[in-house]
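Input: a single structure, listed below in structure tokens.
The values are calculated or read from the model by the stated rules, or taken from the named source; none is laboratory data. All figures in this text were calculated on a predicted structure; none of them were measured in a lab. All Cβ positions, even for glycine, are placed from backbone atoms using ideal geometry, and neighbour counts span all protein chains on display. Ligands, DNA and RNA are stripped out before the accessible areas are found, and what is left, the full protein with its side chains, is counted by its heavy atoms. Shrake-Rupley method; radii C 1.70, N 1.55, O 1.52, S 1.80 Å.
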Amino acid sequence: QDEQEWDFVLVSDIHQMGSEKEIKRKKFLDELSKKGFTIKKIEDKKLFYGVCAPKWIFRKYQWLLRSPGSRMQSPSDKHDVPVTTRIRIVNFILQNTVTPDLEKLCDLMKKKVFETAFPLHEREEKNVFVKEKWARWRDICCEQPIENIRGYFGEKVALYFAWLGWYTYLLGIASVFGMLIFVIGITVLSSSQVSKEICKANTTIMCPLCDQKCPFWLLSDTCTYAKITHMIDNEGTVLFAMFMAIWATVFLELWKRQRATVVTKWDLYEWDDDEEELAMELINNPLHEPQRYQHSYFRSTIVILLVLVMIAVLIGIAHALVIYRVVAMALFTQSSLEFIREHANTVAVVTGAVLHYLTIVIMTKVSPRALLPSPEQPRTFSQRENNFTVKIFTFQFFTNFSSLIYIAFFLGRINGHPGNYVRVAGKWRLEECHPSGCITDLFIQMATITILKQTLSNFVEYLVPWVTYIHKQQKLPKKKNLILGEEEEAEDPCKQWWLSNYQLNQVHTFSLFDEFLEMVIQYSFTTIFVAAFPLAPVLAFINNLVEIRLDAIKMVHLRRRMVPRKANDIGIWLQVLEAIGILAVIGNGLVIAITSDFIPIQVYKYTYSPCVAGNSSALDCSAGYINHSLSTFRIRDFEPHMRLPEQLPDFARQGITEYRDYRNTDDYSYTVQFWHVFAARLAFLILFEHVALCIKFIAAWYVPDVPQSVKNIILDEKHSKLQKGLRWVIPERV
């Protein structure tokens, strides 16, 4: 047999004859031989065992999973099964073969009896992928050969790339709209009445930003910051947030239609995962008894407690990031470098975002190892994968968004007021929002994390497999130079191919899960806080064009062949994406209502501005908003331990300063304006979310999940099966 007829290769170290590991290895191989497997041994620096399953195993599989109408044919009918099906069946038998010591392959790998097991790549098929313009960079915008992907990697990988391609295609529409909103924001950069007032406020003296001799500062010093804020925080933000809520729904509904069309073409629309797994269990062991469905409230309670502990840890990490920003802000304001001192807040935000990114990278590596052990006992591989997906996604979601949630909804709202600041450990006071709002801080945080994830992380993701692959290639034994007259020893044709496959990077059971997780987290960034970062769809679109080719090159050239999995959808990821769509509506509604200054400005325009009296029709209705949003504070009311700088002469005579809040001058209690704004924020949030959710539901109803053509194909198939079954019914003679 040549190298392409071997279904799997097992790799083992060379153990001493008679050792415990050698005996265990022999017992396992003997069990495979009893099942009719052909085994070939090749010795190099490692022991390689090629295994080939007997044909009757695949005929049994075909017979068991035929449609009821076709089971009347003989089970000896010969029809070749696809290579992906062969690999999947052989992998299942290898993983579930039990030795006399009641040990499976996974147990033997833990005990170092076997090092690894993998299916072989196919040389001709690898060339097809290159010819079909998939696994190479220069064809980055070409259509993907989904049918070829399915024939080589199986339906699950094919559906992943089909979903990723569809997601990227529709991201193009969202990115055009996002870029348009961003460009409009740039064009009106200096036209905002609010930013104009901030730039002209050269007599408005603001409270110090820290306790240790931080200077009083003029509001006009933050002119540039105010202009950038208006570039992000304008009327277009509301429209874009609503658009993205609708886009997320339409994307998922159109994907459901696309998926239904694809799996119907593959004849997998009504495929049953449980039935296939039961069939493979019976092929492996005819006496197998199915594992019953079980539910343990005790185990479920433990899972919930573990999740709560996990979330508590992540909240602690977010708290540590908050402390860093507070301490960094205090240190940067006292820096000897003028640039850092003048832009202390921005530098603290950017460095905090970089630290948050590093936290994400570290926790991404830690979380799968910490959460894989589980008290649950799932019945099938799909259930195990679903449980794993929910836990890891929850962990990663809080890791990625904990700091963003703090900036969006808590920054500047729980810090107290001058004379009564809220402090961390009774020492460092919490940060404040800029007079023009906190949305720029959220923009900087999202931009920093997104750009780092889509540049540095992708670079590492591509570079590490290449470096590992090249390093392994250098360790391969070189061919010996022949002495004159010496004949070259004939080398087994399988040896070099098996070695080259072994040198590739290892894949694991959840390799595809990692790719899905990366894209779903990116989808979260693209939708949930998109109101604060309209460029998120643009960056995601560019990233995905690269990601498709990156994943293709890794799978074809740099990794061992993945065990093909059959599937007719993307699994629980669809429910995760739908949950993210609802979170996107809530998140963007909260950003506009709480983080943005959109609502306070509207309240001022229609309640307190000069336009209310109707006297100044030519005046911008937001004129005077900045003074209206600031409160006065008497310096003598600062806490005793507040170390103030030397005061300016003019300022010393006044003895007052200002800060951003709606508070009375006498007792610093909330003013009526505060409650007006609070009520308007709440009303807008309820209205926005109800309108957006109604539009989402209408869009979901308007776009059917399954195309009519697919329904008609299924209807015709059912009708045809019933007609065939009717032929076997002998009519009674009267």
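Is there a residue being outside any strand (DSSP E or B), open to solvent by 40 Å² or more (accessible area, probe 1.4 Å) and touching a residue at least 60 places away in the same chain (Cβ under 8 Å) anywhere in segment 428-444? The answer is yes, given that some residue of segment 428-444 is outside any strand (DSSP E or B), open to solvent by 40 Å² or more (accessible area, probe 1.4 Å) and touching a residue at least 60 places away in the same chain (Cβ under 8 Å). Output yes when any residue across segment 297-316 is more than 18 Å from residue 391 (Cα to Cα) and not charged (D, E, K, R), and no when none is. Yes. Among the residues making up segment 86-105, those that are in contact with a Lys or Arg (Cβ under 8 Å, 6 or more places away or on another chain), open to solvent by 10 Å² or more (accessible area, probe 1.4 Å) and touching a residue at least 40 places away in the same chain (Cβ under 8 Å) are 88, 96, 98, 100, 101, 103. If only residues of segment 440-477 that are modelled with pLDDT under 80 and of a type in the set (Lys, Arg) are counted, the one that is farthest from residue 222 (Cα to Cα) is 475. Total residues in segment 339-359 satisfying the condition of being closer than 23 Å to residue 222 by Cβ and either open to solvent by less than 10 Å² (accessible area, probe 1.4 Å) or among the acidic types (Asp, Glu) (or both): the figure is 6. Check segment 260-281 and report whether any residue there is at pLDDT 85 or above, in contact with a His (Cβ under 6 Å, 6 or more places away or on another chain), surrounded by 14 or more Cβ atoms within 10 Å (Cβ to Cβ) and assigned to a helix (DSSP H, G or I). Yes, segment 260-281 has at least one match.
Screening the candidates 673, 723 for the property of being open to solvent by 90 Å² or more (accessible area, probe 1.4 Å) and either touching a helix residue (DSSP H, G or I) at 6+ places or on another chain (Cβ under 8 Å) or not assigned by the TED database to the domain that holds residue 630 (or both) yields one hit, 723. From the list 298, 332, the lone residue that is of a type in the set (Phe, Trp, Tyr) and surrounded by fewer than 15 Cβ atoms within 10 Å (Cβ to Cβ) is 298. Of the helices (runs of 4 or more DSSP H) lying entirely inside segment 524-607, the ones with 3 or more residues being open to solvent by 40 Å² or more (accessible area, probe 1.4 Å) are found at 536-553, 573-590.
Does segment 230-247 include one or more residues that are acidic (Asp, Glu) and open to solvent by 40 Å² or more (accessible area, probe 1.4 Å)? Scanning segment 230-247, I find at least one residue that is acidic (Asp, Glu) and open to solvent by 40 Å² or more (accessible area, probe 1.4 Å), so the answer is yes.
Would you confirm whether or not segment 215-225 contains a residue that is open to solvent by 60 Å² or more (accessible area, probe 1.4 Å) and either in a loop (DSSP other than H, G, I, E, B) or closer than 18 Å to residue 622 by Cβ (or both)? Yes: one or more hits.
Quick grid of which residues meet (1) hydroxyl-bearing (Ser, Thr, Tyr); (2) in contact (Cβ under 8 Å) with a residue 60 or more places away in the chain:
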position: 205; (1), (2): no, yes
position: 209; (1), (2): no, yes
position: 220; (1), (2): yes, no
position: 227; (1), (2): no, no
position: 252; (1), (2): no, yes
position: 259; (1), (2): no, yes
position: 273; (1), (2): no, yes
position: 308; (1), (2): no, no
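For segment 106-121, the set of residues classified as in contact (Cβ under 8 Å) with a residue 12 or more places away in the chain and open to solvent by 30 Å² or more (accessible area, probe 1.4 Å) consists of 111, 112, 115, listed by residue number.
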